[in-house]
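Engineer: Take a look at this one; I'll ask things after.
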Amino acid sequence: MTAFVVRLLQVQAVDAGAYAAKADKYRFQEYTLSAERGEITDRNGIALAASVDAYDITADPQLFTPEVSKVADAPEQAAALLAPLLGKEPAEIAKKLRTPKSRYTLLARKQTPQVWNQIKDLRRVYGQKAQRSAGGTGVNLLGGILSEPSTKRVYPNGELAAGILGYVNAEGKGAGGVESMLDPELAGKDGKIRFTQSGGRQVPTAGSQGTPAVPGSDIELTIDRDIQWAAQQAITEQVATSKADRGYVVVQDTKTGEVLAMANAPGFDPNDLSAANSAAMGNASLQDAYEPGSTSKVMSMAAVLEEGKAAPGTHVTVPNRLHRGDRLFKDDIDHPTWYLTLNGVLAKSSNIGTILATGQLGATQAESNKVLHTYLRRFGIGSPTGLDYPGETAGILAKPQDWSTSQQYTIPFGQGLSVNAMQAASVYSTIANGGVRVEPTLIRGTNGPDGRFTPADKPAETRVVSERTAKTLAQMLESVVDDREGTGTRAAIPGYRVAGKTGTANRVDPELGRYKGYTASFAGFAPADAPRVTVYCAIQNPTKGSYFGGQICGPIYKKVMEFALKTLRVAPTGSDPARLPVTFEPTP
């Protein structure tokens, strides 16, 4: 009796707090309430990334101990049943079930309702077996398998815009693209719930307490899903046909700076990252830095025109070879002496003509370099685009005093500096917008949990060249496409005036660290007389068929531009192009 009294005093008085805490530990269960991740939509509200109902599959390991389950190898038996449904190894599940000191273990995250229904069906079957065995006193082998409501990220359009959207990791955190860039806004705030439990199940009559989850905000992109689809189809087909390493297409609204499409090939399906090529899981349009080639010549011409050093009709005599510094320069093709206008230099994409024209920017070559560098910087070369996109490259543009002997003459025609595809597109949007650069934008705004729409900040604007120079450049770029001697005739669109420029650059192989292969490109806008849309295309290292930008990127430009103009309901051009002269007759 004395021993009994002492023990009673110990339990009820001395150690009462400890025993009460231990009882609470097993009586109450606390779970995190996952916040629903916000949607990512296109400019028309069409879902590009959404969250659907899912379940985290959990277990109460104490219910799998031999003492409770009456089965010595209950964890192994249960694991063998669950592994095929959860896509995991049986040994991994069994190990989690063999943690008897815990009342909770997570077996698998983000499982579909179908998987949880299959588990419930199995649990019901084994429950019925338990009732039929041992006179109805058997134990359900899967009775300790539970679930917690959750959500799963899905991408309804598969690979479409995957490079922009990015993906979420196994923990539901943004791990790439917009998902990562705006993860705090998309994620919301998790809540908590605490309830009384018995045998791993909530006691419904005991009530619960906690804080509710706050859902994330919806993000509205500037992307148009249909234009994105057209761009992605076109670049994917050409990359495959040319057996190229990769390619990109950027479509931009020339007036607002909004990115209407940004397509990469090859791409990946964010719904199934296990099948994705890690090299294709970024956004190459923003993360690849490469030498642009002749599409860059439009900036050189802008500098020459703006500085008043020449006009579209200025005569430029172009020899077959030009000796400058320690190099002998040539054009893409051998030719007799060309008698070109400045407009003709752009139309026929003459490297030599561009060197001669930009050499007039200063009294010395060093002064010319400095002036050209100023204009390249104004166009955004060597600076981030303003999108604040994860992993974006600013490209490379050395200071003019650091240009090597060859760079002094190659940079004017697009070799010796590097850009990303968005920067290249922005150059042409600047010309199309009357010489004013509008910082590119990818986000239109956010819809908060309260349903209120907050538009994104207005993008910065910078005057790069005068409206007169921009208009003149647009007319010159029409010669590239319209004139029978131009290099971009395959980009012509019936009914519309088109301004554009081809590019075929020597490509630096990142693995070899030297030139190998080519970068083919085409950039332009339409309608040329009242610009609305810019399209830029580039293909890296085409190895089958042509590698000239006008030949393989010109048709992509045409397909995507035609689709964009129709989608945006842009009326056909009602005026004729200026048709500036390309050549001149030399004086005898």
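Engineer: When the chain is fully extended, how far beyond the present Cα-Cα distance does S546 get from E511, taking 0.36 nm per residue of separation?
Structural biologist: Stretched out fully, the S546 to E511 stretch lengthens by 10.3 nm.
Engineer: Which entry is the computed Kirkwood radius over Cα pairs in Å for this structure: (1) 25.9; (2) 25.3; (3) 27.7?
Structural biologist: Recomputing Kirkwood radius over Cα pairs in Å here picks out (3).
Engineer: Please label the shape of the range 200-307 as rounded, prolate or oblate, based on the square roots a ≥ b ≥ c of the eigenvalues of the alpha-carbon gyration tensor (a/c under 1.5 means rounded; beyond that, a/b larger than b/c means prolate, else oblate).
Structural biologist: prolate
Engineer: Got a sec? Charge dipole of the chain, +1 on Cβ for Lys and Arg, -1 for Asp and Glu; which of G188, W403, S418 is way out at the positive end?
Structural biologist: G188
Engineer: Express the carbon and sulfur contribution to the solvent-accessible surface of the chain as a percent, rounded to the nearest whole number, probe 1.4 angstrom.
Structural biologist: 50 percent
Engineer: Spin-label point model (7 Å from Cα, Cβ direction): what's the K330 to R468 distance in nm?
Structural biologist: Roughly 4.0 nm, to one decimal.
Engineer: While we're on this one: Anything in the chain that counts as a DSSP H helix reaching 15 Å or more along its axis (C-alpha) with Kyte-Doolittle mean of at least 0.5? List them, would you?
Structural biologist: Qualifying helices, which must be both long enough and hydrophobic enough, are 74-86, 421-432.
Engineer: When the dipole is taken about the Cα centre of the range 37-164, and only Lys, Arg (+1) and Asp, Glu (-1) are charged at their Cβ, what size is it in debye, to the nearest 20?
Structural biologist: Working: 18 positive and 13 negative charges, 59 e Å.
Computed about the Cα centre, the dipole is about 280 debye.
Engineer: Ok, one more. If you average the alpha carbon positions of the range 349-414 and of the range 441-520, how far apart do those two centres end up, in angstrom?
Structural biologist: Here the answer is 17 Å between Cα centres.
Engineer: Could you please put Y515, Y339, Y536, Y167 in sequence from largest to smallest accessible area, using a 1.4 Å probe?
Structural biologist: Descending accessible area places them as Y515, Y339, Y167, Y536.
Engineer: For the range 241-327, which chymotrypsin sites (Phe, Trp or Tyr not before Pro) pass both filters: DSSP loop (anything but H, G, I, E, B) and at most 16 other C-beta atoms within 10 Å?
Structural biologist: Here no loop site has a sparse enough neighbourhood.
Engineer: Report the gain in length on full extension from L85 to D576: 0.36 nm times residue separation, minus Cα-Cα distance, nm rounded to one decimal.
Structural biologist: On the way: separation 491, 0.36 × 491 = 176.76 nm, distance 6.58 nm.
Full-extension gain reported as 170.2 nm.
Engineer: Oh, and also: Between S406 and K101, 0.36 nm times their residue separation minus their Cα-Cα distance comes to what?
Structural biologist: On the way: separation 305, 0.36 × 305 = 109.80 nm, distance 7.19 nm.
Here the answer is 102.6 nm.
Engineer: Next question. Of the cross-linked pairs K120/K192; K88/K110; K309/K471; K471/K566; K348/K370, which ones have a Cα-Cα span greater than 22 Å in the structure shown?
Structural biologist: K120/K192; K471/K566; K348/K370
Engineer: Kindly work out what percent of the DSSP beta bridges joining two residues of the chain are antiparallel, to the nearest 5.
Structural biologist: 95 percent
Engineer: With a probe of 1.4 Å, find how much accessible area the chain has per residue, and write the answer as a whole number in Å².
Structural biologist: Numbers: 26690 Å² over 588 residues.
Heavy-atom accessible area per residue stands at 45 Å².
Engineer: What list of ³J(HN,Hα) values in whole Hz, one per residue of the range 253-269 in order, does the Karplus curve 6.51 cos²θ - 1.76 cosθ + 1.60 (θ = phi - 60°) give from phi, with Gly and Pro shown as x?
Structural biologist: Rounded to whole hertz, the list is 6, 5, 8, 9, x, 5, 7, 8, 7, 8, 10, 10, 9, x, x, 8, 9.
Engineer: Here's another thing I want to ask about it. Using a simple charge model, +1 on the beta-carbon of Lys and Arg, -1 on the beta-carbon of Asp and Glu, nothing else, what dipole does the chain show about its Cα centre, in debye to the nearest 20?
Structural biologist: Magnitude of the dipole: close to 1020 debye.
Engineer: Can you work out the FRET efficiency for the pair R321 and A47, with r the C-beta to C-beta distance and R0 = 51 Å, to the nearest 0.05?
Structural biologist: Numbers: r = 58 Å, r/R0 = 1.13.
Given R0 = 51 Å and the Cβ-Cβ separation, E is 0.35.
Engineer: If I take every Cα pair under 8 Å that is 6 or more residues apart in the chain, average their sequence separation and divide by the length, what percent do I get for the relative contact order?
Structural biologist: Numbers: 1345 pairs, mean separation 83.4, N = 588.
Reported as a whole number, the value is 14 percent.
Engineer: I've got another one for you. By a straight-distance test (C-alpha under 22 Å), which lysines pair with K243 as possible cross-link partners, with residues fewer than eight away in the same chain excluded?
Structural biologist: Of all the lysines, those that pass the test against K243 - Cα under 22 Å, at least 8 places apart if same chain - are K516, K544, K558, K559.
Engineer: Next question, about the same structure. Given only helices, namely DSSP H runs of n ≥ 4 each adding -39500 (n - 2.57), what is the per-residue ellipticity at 222 nm of the chain, to the nearest 500 deg cm²/dmol?
Structural biologist: -9000 deg cm²/dmol
The values are calculated or read from the model by the stated rules, or taken from the named source; none is laboratory data. This one's a predicted model, so the numbers in the text were calculated from it and none came from an experiment. Heads up, the Cβs are rebuilt from the backbone with ideal geometry, glycines too, and the neighbour counts pull from every protein chain shown. The area values use the complete protein model at the heavy-atom level, side chains included, leaving out ligands, DNA and RNA. Shrake-Rupley method; radii C 1.70, N 1.55, O 1.52, S 1.80 Å.
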